[in-house]
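Notes for the one structure printed next.
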Amino acid sequence: MDPQQQRTGAPQHGPPQNGGFSPILTVFLSFLSLFALLISPSPVLNCFSVMYIQIRLGIFRAAPEEVLKSIRNFKQMEEERTKVLISIETQRVVEKQAETTKKMAVSEAEKNANVGKILMEQKMMEKDSARQKQEIENQMNKAHEKSLADAAFYRVMKEAEANKLKLTPQFLELKFIEAIADNTKNFFGDKVLNMVPDQRLLGNFLQRMSGEMARIVNLEEVSRERSEIQVPSSTRP
């Protein structure tokens, strides 16, 4: 309360003396400061608000020099308050940027991991397809070689049967006689007839010879067919 009001005992409704504010305006500003104190989120701002209230409550009692000093202090506090708000907002922006950068890095890493996984699966599928293709080719080659071997064996067996039917004692006897007839020689003496062997001994001999010749022919045919079968398989890559 103004000293003049204390002396007179009556409230003064006119403008305040010595450049001060009216009590009504001071009370109104004080309520505004209290409201700002209630809604302020920062302890630093709360401290500034308390100082602001103290200035508003005592400004109408101060001298003009003190009022100017308080105003300068208030301006300085407002500047500091603005700087604090700017730093807080700057920190929030930096945190948001860091969070955004982190999310982008995580997304890029996940994308690279997925791409690597897809490429690995593609390579595995290509290798599996090549392996299956090689297995099919091996089975086809095996079946082809088996068919060739079966055909060769069948041909050898048929040739052996044909030779067995062909190399009869009569046929061999005929060939023997033809060979003797082709081999013209002159014999002199009384033992010319003994040079012609007995027909029965000749027949037995020719029968044994036919069996041996058939066996030899069969062995030669089998060995030849085996060599023909092994040559393609050995040259195969």
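Packing-wise, with mean Cβ within 10 Å as the measure, how do 164-176, 137-149 rank, highest first?
Result, highest mean Cβ count within 10 Å first: 164-176, 137-149.
Can you put Val156, Val84 in order, fewest other beta carbons within 10 Å first?
Val84, Val156
Among the lysines, which have Cα under 23 Å from the Cα of Lys96 when same-chain residues fewer than 8 positions away are ignored?
Partners within reach: Lys83, Lys111.
Every number here is computed from the coordinates shown, using simple stated rules; none is lab data. It should be emphasised that the depicted structure is a prediction, and the values quoted were computed from it without experimental measurement. Using ideal geometry, Cβ is built from the backbone for each residue, glycine included, and neighbour counts are taken over all protein chains shown.
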